[in-house]
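Let me begin by presenting the structure, written as structure tokens, before commenting on it.
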Amino acid sequence: SELSDLFGPLSKAEPATRTVPVLVPMPAPGPYSYGVPAGMAVVPGSIVQVPLGPRKVIGVVWDGEDGGKVEASKLRPIEKLFDCPPLDEAMRRFIDWVAAYTLSPPGLVARMALRTPAAFDPEPMIEGLRVSGHEPDKLTPARQKVLALAGDGLSWTKSGLAHAAGVSSSVIDGLVKQGVFETVFLPPPPLVAKPDPDYAAHRLAGPQEDAAEVIVDDIKAGGFSVSLIDGVTGSGKTEVYFEAIAETLKQGRQVLILLPEIALTTAFLERFQDRFGAKPGEWHSDLATRTREKVWRQTATGDIRVVAGARSALFLPFEDLGLIIVDEEHDPAFKQEDRVFYNARDMAVVRAHIAKIPVVLVSATPSVESQVNSYSGRYKRIHLPTRFADAAMPDLHLIDMRRHPPEKGGFLSPLMLRAMAKTLEKKEQSLLFLNRRGYAPLTLCRVCGHRFQCPQCSSWLVEHRFRGQIQCHQCGYNEPTPQACPECGTLDHLVACGPGVERIAEEVEKHFPEARTLVLSSDMGGVKRLRLELEAIAKGEADIIIGTQLVAKGHNFPLMTLVGIVDADIGLANGDPRAAERTFQLLSQVTGRAGRTGLKSHGLLQTYQPQHPVMMAIVSGDASAFYEREITERERAVLPPYGRLVSMIVSADNRIDAETHARQLRMAAPSVTGIAILGPAEAPLALIRGRHRFRLLIHGRKTSDMQAFVRTMLERGPKPVRSIQVQVDVDPQSF
Ligand code: ADP
Ligand code: ZN
């Protein structure tokens, strides 16, 4: 700077065509080269607009030397550099890591971290007022009030000032006319106010305090750490991680809370507001595009301090992320099975590692993977074995359906009906849980046996009697429920086989005509309607609720004292090695809805397999027995987390193409000790939306380099032609 004082500014000459690599949101193997126009100051992470074929797309300037492989004449320049913070180093390394791990094109991963151009438009300024120093011609009491407030020199909006002074806006108009106020332009207010760590801290109970201390110490120490809060429903886990959030806010850093089904958990947002005096920023797919763009931008600028979001919130570009919470960490909703197949729980650990910050996993029923890591000490184990304030867990019993069968045509055991009657008498709520939408899972003709199958999927059409439709739960195909069998033409001989929630509602209404019955299932309306219904239940506006897994998650229903599981065996039948874990988690979560406010509560599970280890573990309340058994089983079979799995689904419009391609991929596989390929076999859903699906399941050891193996298969194998598609799923949910 001293030299420039003496000799004037002297900048280095830019090479005529400096080029940089830019990741574009496309399934390309890597970044493309673009020219940097003179005077445009791009750095790695800069968000830019570039031409791509005939289109303009958003991209990110990537790291590394650009090869400059493009001929100067073909090189296209960056068109625009957006006015927003560049994606920081940690975010860029995270995107690279996710791409490499999930075997996805980096551009598709980067796309999850970017928004459309509208997000970058500066938000319009709003008009405000500031005192100019001119005196008003006469000082009425109303004017006096206004000037007393505005005299501090701060800027006000007109309506804000009128409201605060308790005067009509004409008073202010008068002052503006006289030049007492001058007009200024103000940035729009942030979407959500700043949360205050000290707003309404609860006193923690002893075990909670110990738990919070472990995490708060980690936050104070700084750096990467993983803790697993494993505590029964109602043990006060949320309060514990609220302390961790408070500590992070005190350090001036941002927080991300990942929650499954955030769109339905208004209660969570309110609870957060009660504790911190402001709502968190919300992030999920049900937000309006405009709002999403604002949340994205204000997370990047740091105006939003805490985001509560669905899995994709993991790719928000935080200005200074200091803590990640993954609540209900076991939940399958954290797995995205579309384009980039990733598990947000696992990738949250990766993001925390790269950003060198703590991550806290939270669950009443942790995944076997996380439980293994906590038992081994790789994750800090924080255990809360009892409910807060000694609220009792529900009393759980199995109903052996072989000994207490329902009456003919029904699905509810007399024992279940009796418990419901008692609950109704006490003016408390019952929940019947059945994870099956619609009236009946299968409809057939009594005369010829015809079954209604989806024309484009290998699944049966499900009757939805409320709507008078039969529907496919895979692709949404639907048609009016026919009167006559399309096969034999017989009228009115269609029979419903097995129960769905609508059919259970019918049975309940027959037995309890005076009760207020409510069916809650995701096909019964949009998010708004579901939110209202959940609130109505919490307020006690329904007596008997019949619900699918929507009701299992996180809700707090103060009057609910009976939870009945209509078919506890449903998830165990499908032969998936993860079936026991899933069933254990789902049944524990659902029964955990009961008795959260201290009322005596019960859970009844209808089962034909009362001796099954999952059933025994649930009623005994001995979760550790279940985990130990399950972990031993996984270890013996070298299944995750003791082994690794990758699923490859090959799909095509015709069956032969799909199967042939899958076979050729298998033949292209290298031979590696410890890695074996199963299949190709028809995928669990062999036909979806008219596409035939074959699956290769690749099984390796914990130490196997699965990604290198799959990359080799894809490189050596045939290129997908015609309608053929290959989807790679590292760590599949079901196997
Ligand atoms: P979990 O997240 O484990 O299901 P919660 O944090 O929701 O448990 O706590 C269960 C109930 O107990 C909630 O109603 C919560 O408000 C209350 N609670 C938990 N901890 C405290 C505390 N320290 N002070 C007051 N209320 C608490
Ligand atoms: Zn279908």
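Just a few scattered comments:
- Rounded to 0.05, the FRET efficiency of the Gln727 and Arg203 pair, given R0 = 41 Å and the Cβ-Cβ distance, is 0.25.
- Cut-off 15 Å, label 7 Å out along Cα→Cβ of Ala389, residues of region 573-607 by amide N: 595-600
- Region 1-140: relative contact order as a whole-number percent, Cα under 8 Å and 6+ apart: 25 percent
- Within straight-line reach of Lys294, meaning a Cα separation under 25 Å, sit the following lysines at least 8 residues removed in sequence or on another chain: Lys56, Lys80, Lys158, Lys194, Lys250, Lys279, Lys528.
- Distance from the C-alpha centroid of region 676-695 to that of region 633-651: 17 Å, rounded to the whole angstrom.
- Gained length - Leu269 relative to Asp217, 0.36 nm times residue gap less alpha-carbon distance: 16.1 nm
- Projected label distance in nm at Asp492 and Arg701, using a 7 Å step from Cα toward the beta-carbon: 6.8 nm
- Size check on the chain: the Cα extents along the three principal axes, sorted descending, read 95, 74, 58 Å.
- Distance from region 49-63 to region 225-292 (C-alpha centre basis), Å: 34 Å
- Cut-off 18 Å, label 7 Å out along Cα→Cβ of Glu514, residues of region 544-572 by amide N: 544-545
- Mean sequence separation of contacting Cα pairs (under 8 Å, at least six apart), scaled by the length of the chain, corresponds to a relative contact order of 10 percent.
- Ordering of 562-570, 276-284 by packing is 562-570, 276-284, highest average first (other Cβ atoms within 10 Å, averaged per residue).
- Full-stretch length increase - Leu10, Leu685 - with 0.36 nm per residue and alpha-carbon distance subtracted: 236.3 nm
- DSSP-loop GluC sites (Glu not before Pro) across region 42-97, with at most 12 other Cβ within 10 angstrom: Glu65, Glu71
- Each Lys or Arg adds one and each Asp or Glu subtracts one; over the other residues with Cβ under 10 Å from the Cβ of Ala200, this totals -2.
- Dimensions of region 171-247 based on its C-alpha atoms, expressed as ranges along the principal axes with the largest first, amount to 65, 28, 18 Å.
- Loop sites in region 425-456: trypsin sites (Lys or Arg not before Pro), DSSP, at most 13 other Cβ within 10 Å: Lys426, Lys427, Arg446
- Cross-link partners of Lys426 among aspartates and glutamates, defined as those whose alpha carbon lies under 19 angstrom from its own and excluding same-chain residues fewer than eight positions apart: Asp395, Glu509, Glu514, Glu541, Asp543.
- Whole-number percent relative contact order across region 509-646, with pairs defined as alpha carbons under 8 Å at least 6 apart: 20 percent
- Label-point separation in nm, Asp137 to Lys177, each point 7 Å along Cα→Cβ: 0.9 nm
- Seen from Arg465, the other residues with C-beta closer than 10 Å to its C-beta sum to a net charge of -1, counting Lys and Arg as +1 and Asp and Glu as -1.
- When both region 699-715 and region 405-444 are represented by their alpha-carbon centers, they are found 48 Å apart.
- Förster radius 56 Å - calculated FRET efficiency between Gln251 and Gln483 (Cβ-Cβ, nearest 0.05): 0.25
FYI, it's all coordinate maths here, none of it is from the lab. Model, not experiment: these values are computed from the prediction. Cβ sites come from the backbone with ideal geometry, for glycine too, and all protein chains shown count toward neighbours.
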